[in-house]
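The values are calculated or read from the model by the stated rules, or taken from the named source; none is laboratory data. None of these values were measured; they are calculated from a predicted model. Glycine also receives a Cβ, built like all others from the backbone with ideal geometry; neighbour counts cover every protein chain displayed.
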Amino acid sequence: MHKPLTLVALAVAALLPLIGLPPYWITLTNYIGLSSLVALGLILLTGVGGLTSFGQAAFVGLGAYATAVLSMQYGLSPWLGLLAGLFVTICSATLIGLITMRMSGHYLPLATIAWSLSLYFTFGNLDFVGKYDGMSGLPSISLFGFVFDSARSMFYLIWGFVLLAVVALRNLLNSRPGRAIRALKGGGLMAEAMGVNTARMKIVIFVFAAVLACISGWLYAHLQRSVNPSPFGLNYGIEYLFMAVIGGIGHIWGALLGAGILTVLKDVLPIVLPKLFGTSGNFEAIVFGVLMVVVLQYAPDGVWPRLRRFFPQSAPLPAPVDAPALPVRPRQTVGELVLDVQDARKTFGGLVAVNDVSFHVRAGEIVGLIGPNGAGKSTTFNLITGLLSATSGKITYCSEEISRLSSRQIAARGIARTFQHVQLLPTMSVLENVAIGAHMRGDHAPQRGIAAAVLRLNGAEERKLLHEAARQLERVGLQDCMYMEAGSLALGQQRILEIARALCCDPALLLLDEPAAGLRFQEKQALAALLTQLKSEGMSILLVEHDMDFVMNLTDRLVVMEFGTKIAEGLPVEIQNNPAVLEAYLGGID
């Protein structure tokens with residue numbers, strides 16, 4: 001939404017307690033705010049990061065019990081209780097994240113269920129926290145002499161934290177680490193190839209979501225003035241996820257909408273349904289189940305995307321016209337050995353995908369890697385870029401062996417790539433997709449980047465990164481598509497976009513996997529001109545391509561593979577007349 005509309009909405013909300021709104025609605029609004037905090041964390045964790053958690057209620061419990069114990073048993077300030085809760089939550093979430101965030105498929109949700117159940121029963125069996133009876137008589141929160149001792153006063157505190165969480169989440173997602181987080185949902189292979197530490201990013205968003213849940217628990221404890229294990233069980237963990245899904249799992253405002261819908265329904269349905277059916281029973285569970293099925297069927301992205309179309313949308317921020325240039329890595333001298341592949345071998349069980357392949361690439365040289373489908377070309381690319389580890393052999397880049405390095409470490413050394421099957425984030429703009437390529441070229445160290453993004457201290461860095469992305473888009477001829485969603489581009493344009501993203505890494509060695517696939521004749525000519533220009537600048541290029549006319553007119557040397565084995569290497573004219581190549585692949589080319 002436009003900022004003026006957002007400000008008006010916030011102003012109206014701030015006036016609610018002052019205009020004589022009944023206490024019932026103030027209390028209900030407070031609970032919506034508490035649930036919104038947890039749902040906002042799930043928007044980041046599940047909707048953006050693609051990691052499903054049913055255990056957020058356990059972190060709510062940590063925040064509530066930490067402040068209850070310190071304030072009731074030790075007489076400490078609730079604010080110290082908040083700090084203690086945050087400390088315990090961050091430590092436990094980091095430990096749990098290190099264990100569980102490497103899981104995939106159904107294992108991760110099951111692990112979060114186990115965590116939620118274990119903490120729930122821990123709360124219920126500890127004597128010093130009152131077991132299942134809990135603790136009561138918690139003191140009110142006070143700040144600068146003002147005591148938050150009523151639902152109306154707590155309204156401002158709760159929704160103040162919600163507002164801070166919304167701003168922090170928006171700042172984070174519209175930043176260099178935010179783009180890396182949004183890349184997680186696509187599987188992470190592309191992100192790793194661009195230098196993103198995906199394992200670390202998963203833990204970061206898991207901890208971020210846990211922190212928001214902890215704050216919600218702290219506020220809940222002092223709103224209720226009591227705690228017991230009941231609100232922190234698995235059922236509540238499922239409800240929080242339900243809120244995020246109903247509201248719009250990929251949208252910040254969807255968290256608030258979903259929390260509002262479900263909180264109101266939970267309060268109204270137990271009163272209305274018995275009157276409708278004429279008997280008492282747990283009918284609300286049935287309604288919630290039906291509601292979930294309907295939402296997933298007719299609004300899989302949630303309710304908020306359906307409502308958003310009725311609000312004017314703000315235009316995307318333009319790329320900076322001028323900004324300081326990012327640092328550029330020095331280029332090797334033309335003719336200097338850049339990449340040396342010696343007897344590279346990759347086996348998958350009994351299948352030999354790459355069979356002792358050797359070749360090299362020099363600075364300022366374009367080398368083509370060709371062969372029929374299934375020859376092992378893309379697997380060779382994956383060995384060079386670290387997406388796969390070689391079974392044996394040696395791969396050297398600029399005199400350093402990289403055979404055992406991760407794809408992130410290899411990207412940091414100046415190797416960038418595109419993919420055989422386009423790897424883009426379709427709902428992000430073209431500009432943002434390209435900016436992911438500059439992830440490792442930011443000003444802030446990785447450990448400082450998150451805090452700088454949340455506090456919006458990264459404005460200068462963002463201008464540099466987006467300016468660089470815009471420059472690369474102009475370089476490849478996609479400047480007119482800069483603010484379009486990447487998924488709306490034609491396949492050929494998406495491949496060019498991938499090249500722009502790879503160039504944003506400032507590579508010394510560029511690996512292109514079928515870059516001309518899907519391009520029209522004139523687009524191929526433009527691509528050939530671009531690659532020739534890059535070569536003249538001293539960049540080394542290794543490409544896989546099936547368009548023989550394109551390859552023969554562009555490359556300096558060719559390496560031919562068949563069934564994982566190199567069968568020929570030489571100048572294009574030599575390859576065209578090589579009997580083994582003619583028989584295996586090129587057929588009648590003369």
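Details
- If you filter segment 52-95 down to residues that are assigned to a loop (DSSP other than H, G, I, E, B) and within 28 Å of the chain's Cα centre (by Cα), you find that the one that is surrounded by the fewest Cβ atoms within 10 Å (Cβ to Cβ) is Thr52.
- Pairs, first free of Cβ contacts under 8 Å to residues at least 60 places away in the same chain in segment 113-134, second part of a helix (DSSP H, G or I) and among the basic types (Lys, Arg), C-beta under 9 Å, six or more apart: Asn125/Lys131
- Output for segment 96-105, where each listed residue is loosely packed, with under 12 Cβ neighbours inside 10 Å and either on the phi < 0 side of the Ramachandran plot or part of a helix (DSSP H, G or I) (or both): Ile99, Ser104
- Any hit, segment 188-196, residues being surrounded by fewer than 24 Cβ atoms within 10 Å (Cβ to Cβ), under 30 Å from Ala508 (Cα atoms) and without any contact (Cβ under 8 Å) to a residue 24 or more places away in the chain: yes
- Residues being outside any helix (DSSP H, G or I), touching a residue at least 40 places away in the same chain (Cβ under 8 Å) and surrounded by fewer than 23 Cβ atoms within 10 Å (Cβ to Cβ) - total across segment 478-512: 9
- Scanning segment 516-526 for residues that are touching a helix residue (DSSP H, G or I) at 6+ places or on another chain (Cβ under 6 Å) and of a type outside the set (Asp, Glu) yields Ala516, Gly518, Leu519, Lys524.
- Among (1) within 20 Å of Leu425 (Cα to Cα); (2) in contact with a strand residue (DSSP E or B) (Cβ under 6 Å, 6 or more places away or on another chain) - the single one Leu510 does not satisfy: (1)
- Hits in segment 150-182 (condition: hydroxyl-bearing (Ser, Thr, Tyr) and closer than 29 Å to Val434 by Cα): Ser175
- Applying the criterion of being in a helix (DSSP H, G or I) and of a type in the set (Gly, Ala, Ser) to the residues of segment 392-411, the residue that is farthest from Asp506 (Cα to Cα) is Ser407.
- Here Tyr65 clears all of (1) under 16 Å from Ser216 (Cβ atoms); (2) modelled with pLDDT under 90 except the condition numbered (2).
- Of all residues in segment 300-311, those that are at pLDDT below 80 and surrounded by 11 or more Cβ atoms within 10 Å (Cβ to Cβ) total 1.
- For Leu571: the one exception among (1) crowded, with 18+ Cβ neighbours inside 10 Å; (2) aliphatic (A, V, I, L, M); (3) modelled with pLDDT of 90 or more: (1)
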